[in-house]
Protein chains: 2
Amino acid sequence: MNNPILVEVLRSSLVESRHRGAVAVADGDGATALAIGDVTTPIFPRSAVKALQALPLIETGAADTFGLGDEELALACASHSGEPGHVAGVTRMLAKAGLDATALRCGAHWPMAQPALVALARSGEPSALHNNCSGKHAGFLCVACAKGIDHADYWRPQHPVQREVRAVLENLTGATLSDDRCAIDGCSVPTWAIPLQNLAHAFAKFGTGHGLAPERARAAARLRMACTQKPWHVAGTGRFCTEIMQLFGARVFVKTGAEGVYCGALPELGLGIALKCDDGAGRAAQAVMAAIIAQFLPLNDAERTGLMRFEHQTLRNWNGMEVGALRVTEALTYCAFGEARTGWDL
Amino acid sequence: MNNPILVEVLRSSLVESRHRGAVAVADGDGATALAIGDVTTPIFPRSAVKALQALPLIETGAADTFGLGDEELALACASHSGEPGHVAGVTRMLAKAGLDATALRCGAHWPMAQPALVALARSGEPSALHNNCSGKHAGFLCVACAKGIDHADYWRPQHPVQREVRAVLENLTGATLSDDRCAIDGCSVPTWAIPLQNLAHAFAKFGTGHGLAPERARAAARLRMACTQKPWHVAGTGRFCTEIMQLFGARVFVKTGAEGVYCGALPELGLGIALKCDDGAGRAAQAVMAAIIAQFLPLNDAERTGLMRFEHQTLRNWNGMEVGALRVTEALTYCAFGEARTGWDL
C-alpha cells in the first residue's frame, strides 16, 4: 500500500521534497475517527510511547516511594534535549533511588537540539545523563529499586521491569507483542512494532482512562498531568512537544518518537492519535501532528496561530530570506471530523 | 508518477522507514544508460552542481589571475564542513582577490557535521567563512574581481557573475532555465530546477569534456582533477564525497546537494549520474550513489568494501549495539548496465 503524500516542502513555488505517511485517530473503544494510509501494519513507535512505558513507575508505587514530583515524572516520559535542567532532574531522580549516573545503561550522546549541543560543547562532554532517554531509564531504575529487584540488567527484555512494560503496552494497545516484532531501541531497551490504529486506541485510553482498570487510569492521569504541566521537561527549549503542551496545557498530550513518529491524546474529545512518516522525517511528522490537532480541537486565535507555525512553516535561509515553505497537503486538510479514509494515494 | 522505494531502513528484521527516489545515468550524448523513476520533472540540484557553477572561475581566467591552487579550486566546488583547514583555505582565496570575509554574502551557520560543530563551539562562533558554501562564494567574488566588476551584489540573479553561471548551466544541461524554475538557495544565490536526465547528461560532459567547447572542456578537467586530488576540501572529515573520492581518485567525481541530491561522473565510462530522494534524505541519497557506482564501475575488493559501507550500512545505537541496517532495494540492485527502467513502483 502506498501511503499518501502528507507534507510538501516548497522552494519558491515548486515542490522540492515530499513526505508520505499514515495517521490514525481513534476513540477509547478503538473506533476509528480518522485513518489515512496504512494504519494496520506494525510500526516502531520508539520514544512516542514513553508515557506508556512509565505507567509501572506509578502503578508499582515507586514514584511515591521515592517522592517523585511532576518534573521527574515528566522526565520519565521525556525525550529531553540534555539541557542543564534536564540533567539536574534526572540526577535528582536517581539520587532519590539511592543511585547515580553509573546505573544508567542508555549510552551517551550529544544533545540533538543545536543550541543545547553548543552549550554542552562549551562546558564539557555528554554523559548518559544527557541521553534524551535518561529520564525513562531513571524511571525504570526507580521501579527496580522500589521492588527490591537487582537493577543491573533493567534494560534487557527478560528483566522484570521490561516484562512489566511489555504487559502494559499489550494491555493498552490490544496488540500481541510477539518476539518477531521486537527490536532494540536507540537506548538499548526493547521496542515493539505496533499498528498505528492500536497506538491511537492506546492513547485514547491514556488520555481518558476509558477502558482501563481504575489504578491504571489514575496512573495515566497522573503522568498526563505531569507532562502537560511540565512540558519543558518532556522535550526542551523550542521543541515541538514542549511548545504544543505549553500552548494547550491539559487539552493536548503529544510525544515524539524517532523516525517520524508522534503519538498524542485529545482528552476532551476522548481521542488518541498516532502517526508516522514513511521516511522517518521529524520535520514532516510535527507538521502532520499540528494539522491533526487543528482539525479536531476547537481553537482560539492564539492556538490556531501557534499550530499554523508548524503546519505551514516558512523556510528561511542563512541570511533570513524567505526561500520556501513546508505545508501539509490536501490529504490532511480536507479530512473532516469523524471521516475515515484509507488508501488515499495522491 | 510514484518513484520507487530505493532505500529501506531496517530495525531488527523489520522495515522501519523507506526512501523513494529517482536516478538518471547518461552518456555525453545524453543517451540514457539508466533511468529509475521520474527523471524528467525538474528538481533543484542545489549544491550538487557547484562544480558547474565554478566553471566561470577557470574560464574567465580568474583562477590564474589570482593564482588559485587545487585546494582553492576544490573549495570553490565544495560543501565543506567548516573545519579549520576549510576556513583557512577560503580566507586565502579571498585574500588573493584583495578581499576578506566581509565580502561574503552567504550567511553564517554552524557546521553540519557534529565533530566540526563541537570543535567550533569550543573555539568560537560561526562566521560566513564556516558556511558550507563559502568557497563557492569566494569563487564568485574572484570572478567579479578579475573582471573588474562591482562585487557587492555578486549573489543576485541579475549580476553578471550569476548570469554567466546560468549560461554555463544551460549549456551543460541543455535545459532552459526560465525564471519560473528559479528559487533562492540556502546561501542566497539562485538555484534552478533541472530534470535529472539533463543533470546526468551535464555531468557526463563535465567528466569527459565530450560535446564541450575546448576551453570549457579544459576548465571542467581542471576542476575535476582539483576535486578528486583534494577531496577533503570538497566536503570534510568522514563525509561521503570526501571518502568516495579518496577511495577512487580521478575515477569518480561525486558531489552532494541539499534535500537528498547527488550528482557525479564516471569519466572512464563516459557517464554522468544524477539522483534525488523524494523526501530530501541525505542518508538514503548517499546509499543510492554508492550502489550506482558499484553497479557501473569495475571494482577491486577494497573499493567494493568501501562502497558497501554506505550501500548496506550497519546501524548501531548509543551503546554500539547493532540495531538494524540501511540497505538499497531491488529497484537498484537488479539494475544491469545499459538497462533503462522507468516507472518502477515497488
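Points worth noting:
- For the residues B:A51, B:A78, B:A74, the requirement of being away from chain A (no Cβ under 14 Å), open to solvent by less than 10 Å² (accessible area, probe 1.4 Å), assigned to a helix (DSSP H, G or I) and closer than 30 Å to B:T333 by Cα singles out B:A51.
- Every residue from segment B:11-33 that is more than 9 Å from chain A (Cβ to nearest Cβ) and surrounded by fewer than 24 Cβ atoms within 10 Å (Cβ to Cβ): B:V15, B:D27, B:G28, B:D29, B:G30, B:A31, B:T32, B:A33
- Residue tally, condition away from chain B (no Cβ under 14 Å) and either part of a loop (DSSP other than H, G, I, E, B) or open to solvent by less than 20 Å² (accessible area, probe 1.4 Å) (or both), over segment A:276-302: 10
- Boolean, B:G207 is over 27 Å from A:A284 (Cβ atoms), free of Cβ contacts under 8 Å to residues at least 24 places away in the same chain and part of a helix (DSSP H, G or I): no
- The residues on offer are A:A138, A:A167, A:A152, A:A144, and the sole one that is of a type in the set (G, A, S) and either part of a loop (DSSP other than H, G, I, E, B) or closer than 28 Å to B:A113 by Cβ (or both) is A:A152.
- Considering segment A:35-48, the residues that are within 14 Å of chain B (Cβ to nearest Cβ) and crowded, with 24+ Cβ neighbours inside 10 Å include one that is farthest from A:G257 (Cα to Cα), namely A:G37.
- Residue in segment B:201-215 that is within 20 Å of B:K136 (Cα to Cα), open to solvent by 10 Å² or more (accessible area, probe 1.4 Å) and touching an Asp or Glu at 6+ places or on another chain (Cβ under 9 Å) present: no
- Criterion applied to A:Q162, A:Q197 was being touching a Ser or Thr at 6+ places or on another chain (Cβ under 7 Å), polar (S, T, N, Q) and crowded, with 18+ Cβ neighbours inside 10 Å, and the one residue passing it is A:Q197.
Okay, residues lined up against (1) crowded, with 22+ Cβ neighbours inside 10 Å; (2) away from chain B (no Cβ under 14 Å); (3) closer than 19 Å to B:R122 by Cβ:
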{"site": "A:L94", "(1), (2), (3)": "yes, yes, no"}
{"site": "A:A103", "(1), (2), (3)": "no, yes, no"}
{"site": "A:W110", "(1), (2), (3)": "no, no, yes"}
{"site": "A:Q114", "(1), (2), (3)": "no, no, yes"}
{"site": "A:V118", "(1), (2), (3)": "no, no, yes"}
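- Candidate set: segment B:242-275, residues that are of a type in the set (D, E, K, R) and outside any strand (DSSP E or B); chosen: the one farthest from B:M112 (Cα to Cα): B:E268
- Selection of first residues in segment A:235-254 that are without any contact (Cβ under 8 Å) to a residue 40 or more places away in the chain and of second residues that are open to solvent by 50 Å² or more (accessible area, probe 1.4 Å), restricted to Cβ pairs under 7 Å at least 6 apart or on distinct chains, gives the following pairs, ordered by first then second residue: A:T242/A:W232; A:A250/A:M225.
- Filtering segment B:275-298 for residues that are of a type in the set (D, E, K, R) and in contact with a helix residue (DSSP H, G or I) (Cβ under 7 Å, 6 or more places away or on another chain) leaves a non-empty set.
The values are calculated or read from the model by the stated rules, or taken from the named source; none is laboratory data. Treat the numbers as computed from the prediction; the structure is a model and nothing was measured. All Cβ positions, even for glycine, are placed from backbone atoms using ideal geometry, and neighbour counts span all protein chains on display. For the accessible areas, the whole protein counts, side chains as well, though only heavy atoms, and no ligand, DNA or RNA atoms are used. Shrake-Rupley method; radii C 1.70, N 1.55, O 1.52, S 1.80 Å.
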